[in-house]
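S.K.: Before I ask anything, let me first share the structure, which is written out below as structure tokens.
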Amino acid sequence: MPLVSVNRKHNEVWEAIFFRREVAYIHHKFFYPVNFLALFIGLFGLYRYRREIQMVLFLVFFLSLALYSFKHQLYSSSYSMNASERWAFFPLSFLLAAGPALYLYFSSLKKSGRVFSRQDWLHFLPALLVFLVEALLFIVPEAWRDFAIFNNYDHYPGLSEQITFLASGTYYCFCIKNLGNNDAGVSRWQLGFPVFLMTVAGVLAIMVAGNLYFSDLMSTWLDYHPVWLVIAVFSLWSTYLLVFKKEVLYQKEVRKENRLTDPKLAAWKAETETVMQTRKPYLNPDLSLQTLAQMIGIKEKDLSEVLNIGFSKSFHDYVNQYRIEEVKKMLLDPGKRHLTNFALAQEAGFNSKSAFFGLFKKHVGMTPGEFKQKAPKG
């Protein structure tokens, strides 16, 4: 059970987080299955996409949170897997790799085909340091480990990792924002990743602050249930993307060799253009590569090659090009003057205001308002 200091103020809501009997049920019925599913999908994905740097970076981000949650289900609580005390030091937590992995992931989206330098990998040094310290404590005699434990459950390296993550997660989210990815075809799915990272950091900050105020840090973080809940929701959401919408997670590079014959490539290019112009699937904000391939009547991998080789564009760039042209037409339509620019963008299939304005300026060279003002009066 958590150790609650008797010299601090008591709070019924705060203590209910730690002492509710339903907690063990939630862990066994929800957190455990989600953790195991996340580890299986994440490790399988690392093997499956080991040559796709964008996917590897996303999976490192995904696994860093999943492993952190999993480790805290192993040891020393009424709902844990009853591992020995030594396993509290098992080097399985890579929480400080989450921010760097997500930052480099978005950096690779902005610069497709980017080759990372040695300096880029220095972002992972804090995570490596935690790994080495915990690995050392895991193999040393038990008496040595006692010096690192401060409340019969938690140890100083783990606490340092948590405190550092509060700053690290926030810092890398600001770095991602400053990259200006809205003009790089970043999807609404991808924009959710920094939100989850900040949510984990925010909830963890509340738990650490509450632990300090009410319990002098004597209430073990093994019972930070709201943190595990946020990570579990993120794990399920990411698993859905990895299984059903993997095309939104990374942008395949243009292949050097075209396996399609020129006549077939030309025919499928024409068919793709016909479908886009007549059926206007781009008006659907949830349009995916798989859905468009089904409408054309070809395989997903064939459509990807048609876009990459035939049009020299990624899926998102190709679709957004049509959406921008649709918005330009509507901006000049007198019957739609009562609508805002973003309302027109939503009709054209955009669902992110910042992404729309960034893409419009990139493609047209001016803002929607400037475009409307410079259009010839009819």
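S.K.: Could you tell me the extents of segment 12-248's C-alpha atoms along the three principal axes, largest first, rounded to whole Å?
M.R.: Its Cα atoms span 49, 36, 33 Å along the three principal axes.
S.K.: Here is a further query. State which entries of LYS280/LYS353; LYS329/LYS374; LYS269/LYS299; LYS246/LYS362 exceed 18 angstrom in Cα-Cα distance in the structure shown.
M.R.: Result: LYS280/LYS353; LYS246/LYS362 exceed 18 Å.
S.K.: Per 0.36 nm of contour for each residue apart, how much would the distance between GLU273 and LYS353 grow if the chain were fully extended, relative to their Cα-Cα spacing?
M.R.: 26.2 nm
S.K.: Let me ask another. Can you check what the net charge comes to around ILE41, using other residues whose Cβ is under 15 Å from the Cβ of ILE41 (Lys, Arg +1; Asp, Glu -1)?
M.R.: Once positives and negatives cancel, what remains is +4.
S.K.: While we're here: Starting from the Cα-Cα distance between PHE244 and PHE174, subtract it from 0.36 nm times their residue separation and give me the gain in nm to one decimal.
M.R.: Answer, rounded to one decimal: 22.3 nm.
S.K.: Right, another one. Stretch ALA143-VAL364 to full length: gain in nm at 0.36 nm per residue minus the Cα-Cα span?
M.R.: Result for the pair: 72.8 nm of gain on full extension.
S.K.: Under 14 Å from the Cβ of ILE149, count the other residues' Cβ atoms, weight Lys and Arg +1, Asp and Glu -1, and hand me the total.
M.R.: Result for the neighbourhood of ILE149: -3.
S.K.: Set the Förster radius R0 to 22 Å, insert the Cβ-Cβ distance between ASN284 and PHE311 as r into 1/(1 + (r/R0)^6), and round the FRET efficiency to 0.05.
M.R.: Here the calculated transfer efficiency is 0.65.
S.K.: Also, quick follow-up: Where does the charge balance sit around PRO126 when Lys and Arg score +1, Asp and Glu -1, over other residues with C-beta under 15 Å from its C-beta?
M.R.: Once all neighbours under 15 Å are counted, the net charge is -3.
Computed from the coordinates by the stated procedures, all read-outs in this text should not be read as laboratory data. Since the model is a prediction, treat every value here as computed from it, not as a measurement. As a convention, Cβ positions derive from the backbone with ideal geometry for all residues, glycine included, and neighbour counts pool all protein chains shown.
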